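Below: one structure, written as structure tokens.
The values are calculated or read from the model by the stated rules, or taken from the named source; none is laboratory data. Not measured: the values here are computed from a predicted model. Backbone-built Cβ (ideal geometry, glycine too); neighbour counts: all protein chains shown.
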Amino acid sequence: MMIAEHLYGDEHRQFQATARRFVDDEVLPHRLEWEAAGTVPREIWRKAGALGLLCCDLPEQYGGAGGDFIFNVVLAQELARAGGSGPAFSGHSDIAVPYIARYGTDEQKRRWLPKAVTGELIVAIAMTEPHAGSDLQAMRTSARREGDEYVIRGQKVYISNAQQAHLVIVACKTDPKARARGISLILVETDRPGFQRGPLMNKIGRKAQDTLELFFDDVRVPVANLLGHEGGGFPMLMGVLVQERLSSAIRCTAMMQIALDETIAYVKQREAFGRTVSEFQNTQFELADCWSMLLSHKAFLDRCIERHLKGQLDAIEASAAKLRASELEGELIDRCLQFWGGAGYMWDTPIARAYADARVNRISAGSNHILKMIIGREILKKS
């Protein structure tokens, strides 16, 4: 179990059993097929929705189960066994849908949330642009108001779940002259004229999780598709980033646990110089170090999860959790891979996939060098 026992209830254990069967029956047998395709079929989303695996923490009035964030943690833990060869449910349930749940009007919630729960509607969030990554204030995608419509023009890049999405939350400038105060969030249905998807991007990892560019060529959407108020997008982005960064830390930690477990099993059966690799002192020292690093990190992560459940987790703590988890993930998986020898460099081994999948976690959800600046400035303010 990845998180502290006291955070789990009977309902979470029942949910875990359902999620584990789903991963075993519906995800793991298709990994190679989905990697080759660069995406997963939409049908897998509907199957997950039918089992209650999507958007578990949404209120019952909008089709959800009214659960807590622990359900999201449990699902992330189970999906970690598929790595980047499985569906990116977290991008939908933990990151994109919460924008509508937190900031949408009642009409917007009733229109889109029930279908997000069933998997009939897949939601993506589009922030990054070729010239605006961590510096969101530099984005160029614009939304010009004409009567009762916004006309959106621009380009987004590296967008997760973009191939599958039916609805995209687009961060854009409604006031091009302003920086943060000029950003708005607008809901764009992907069947609108002028909306175009680029080809699937060929990534070094997470090969089954679709990532691509999106183009908006004077896409017209009703003003009713605006989330919150005009110019209020940046505070909303910062608000959801707390959960996004915590979710990233949880996925990193789950992947570390899987990589360490797989490596421990491997060194027990791999032989060198007439004995198993696990019998060498260096192996025991290295594994002890990795296990200790992971154990101490999980204690901090448990604290962050508890604070998030109480609505007390702040942006600095979430940034620190994501920073620490992604850095540790890279180090731990690299050290584990070394025990696999040449096999660890082969794509058909789980440690090779984990190594490739892990690299993006130091870039996504706020690149680590930017997070260091944010945390460092806050520390200096408080000193």
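Restricted to the stretch 334-383, and to residues that are among the aromatic types (Phe, Trp, Tyr) and surrounded by 20 or more Cβ atoms within 10 Å (Cβ to Cβ), which residue is nearest to Ile204 (Cα to Cα)? Per the stated criteria, the residue is Tyr355. The residues of the stretch 149-174 that are assigned to a loop (DSSP other than H, G, I, E, B) and farther than 16 Å from Asp218 by Cα, listed by number, are Asn161, Ala162, Gln163, Gln164, Ala165, His166. Residue pairs whose Cβ atoms lie under 8 Å apart, sitting 6 or more positions apart in sequence or on different chains, and linking a residue in the stretch 257-270 that is assigned by TED's automatic domain parsing to the domain that holds Gln284 to a partner that is buried (at least 16 other Cβ atoms within 10 Å of the Cβ) and of a type in the set (D, E, K, R), are Ile258/Arg81. Residues in the stretch 1-50 that are more than 17 Å from Gly83 (Cα to Cα), of a type in the set (Ser, Thr, Tyr) and at pLDDT 95 or above: 1 in all.
Within the stretch 220-238, the only residue that satisfies the criterion of being assigned to a strand (DSSP E or B) and of a type in the set (D, E, K, R) is Arg220. Taking every residue in the stretch 368-383 that is assigned by TED's automatic domain parsing to the domain that holds Arg324 and in contact (Cβ under 8 Å) with a residue 24 or more places away in the chain and pairing it with any residue that is of a type in the set (Lys, Arg) and surrounded by 15 or more Cβ atoms within 10 Å (Cβ to Cβ), at least 6 positions away or on another chain, the pairs with Cβ-Cβ distances below 9 Å are Asn368/Lys322; Asn368/Arg362; Leu371/Arg245; Leu371/Lys322.
I'd like to know if the stretch 295-305 contains one or more residues that are outside any helix (DSSP H, G or I) and either surrounded by 22 or more Cβ atoms within 10 Å (Cβ to Cβ) or in the same structural domain as Arg251 (by TED's automatic domain parsing) (or both). Show your work before the answer.
Going through the stretch 295-305, the residues outside any helix (DSSP H, G or I) turn out to be none.
No, the stretch 295-305 has no match at all.
Screening Asp348 with (1) in contact with a strand residue (DSSP E or B) (Cβ under 7 Å, 6 or more places away or on another chain); (2) part of a loop (DSSP other than H, G, I, E, B) gives one miss only, at (1).
Restricting attention to the stretch 197-219, report how many residues are outside any loop (DSSP other than H, G, I, E, B) and crowded, with 18+ Cβ neighbours inside 10 Å. Residues meeting the conditions: 6.
Select from the stretch 306-344 the residues that are among the aliphatic types (A, V, I, L, M) and closer than 21 Å to Ala259 by Cβ and list them in ascending order. Show your work before the answer.
Going residue by residue through the stretch 306-344, those that are among the aliphatic types (A, V, I, L, M) are 309, 313, 315-316, 318, 320-321, 323, 325, 328, 332-333, 337, 343.
If the condition is that a residue be among the aliphatic types (A, V, I, L, M) and closer than 21 Å to Ala259 by Cβ, then Ala321, Leu323, Ala325, Leu328, Leu332, Ile333, Leu337, Ala343 are the ones that fit.
Looking at the structure I just gave you, is Leu241 touching a Cys at 6+ places or on another chain (Cβ under 7 Å) and assigned to a helix (DSSP H, G or I)? It is false that Leu241 is touching a Cys at 6+ places or on another chain (Cβ under 7 Å) and assigned to a helix (DSSP H, G or I).
Of all residues in the stretch 158-184, those being crowded, with 19+ Cβ neighbours inside 10 Å and either within 17 Å of the chain's Cα centre (by Cα) or closer than 30 Å to Trp34 by Cβ (or both) number 13. Within the stretch 314-329, does at least one residue satisfy the condition of being crowded, with 20+ Cβ neighbours inside 10 Å, acidic (Asp, Glu), in contact (Cβ under 8 Å) with a residue 24 or more places away in the chain and closer than 30 Å to His6 by Cα? The answer is yes; a qualifying residue exists.
Do we have Thr105 as on the phi < 0 side of the Ramachandran plot and either in contact with a strand residue (DSSP E or B) (Cβ under 6 Å, 6 or more places away or on another chain) or crowded, with 17+ Cβ neighbours inside 10 Å (or both) here?
Values: on the phi < 0 side of the Ramachandran plot: yes; either in contact with a strand residue (DSSP E or B) (Cβ under 6 Å, 6 or more places away or on another chain) or crowded, with 17+ Cβ neighbours inside 10 Å (or both): no.
Answer is no for this residue.
The condition of being crowded, with 17+ Cβ neighbours inside 10 Å, more than 18 Å from Leu309 (Cα to Cα) and at pLDDT below 95 holds for Ala82.
Could you look through the stretch 13-71, keep only residues that are hydroxyl-bearing (Ser, Thr, Tyr) and assigned to a helix (DSSP H, G or I), and pick out the one that is nearest to Trp347 (Cα to Cα)? Going through the qualifying residues, I end up with Thr18.
How many residues does the stretch 306-317 contain that are in a helix (DSSP H, G or I) and more than 21 Å from Cys56 (Cα to Cα)? Outline the logic, then answer.
As a first pass, look at the stretch 306-317 and keep what is in a helix (DSSP H, G or I): 306-309, 315-317.
Checking the rest, the ones that are also more than 21 Å from Cys56 (Cα to Cα) come to 315-317.
Residues meeting the conditions: 3.
Screening Ser85 on (1) farther than 20 Å from Tyr8 by Cα; (2) touching a Cys at 6+ places or on another chain (Cβ under 8 Å) shows it passes everything except condition (2).
Every listed requirement among (1) assigned to a helix (DSSP H, G or I); (2) in the same structural domain as Ala224 (by TED's automatic domain parsing) is met by Glu78 save one, (2).
Would you confirm whether or not the stretch 12-24 contains a residue that is in contact with a helix residue (DSSP H, G or I) (Cβ under 8 Å, 6 or more places away or on another chain), surrounded by 13 or more Cβ atoms within 10 Å (Cβ to Cβ) and of a type in the set (Gly, Ala, Ser)?
The initial filter retains those residues of the stretch 12-24 that are in contact with a helix residue (DSSP H, G or I) (Cβ under 8 Å, 6 or more places away or on another chain), namely 12, 15-16, 19-20, 22-23.
Retained after the next criterion (residues that are surrounded by 13 or more Cβ atoms within 10 Å (Cβ to Cβ)): 12, 15-16, 19-20, 22-23.
Add one more test, that the residue is of a type in the set (Gly, Ala, Ser), and what stays is 19.
Yes: one or more hits.
When the stretch 220-244 is filtered for residues that are surrounded by fewer than 16 Cβ atoms within 10 Å (Cβ to Cβ) and either within 20 Å of Ile159 (Cβ to Cβ) or small (Gly, Ala, Ser) (or both), the ones remaining, listed by number, are Ala224, Met238, Gly239.
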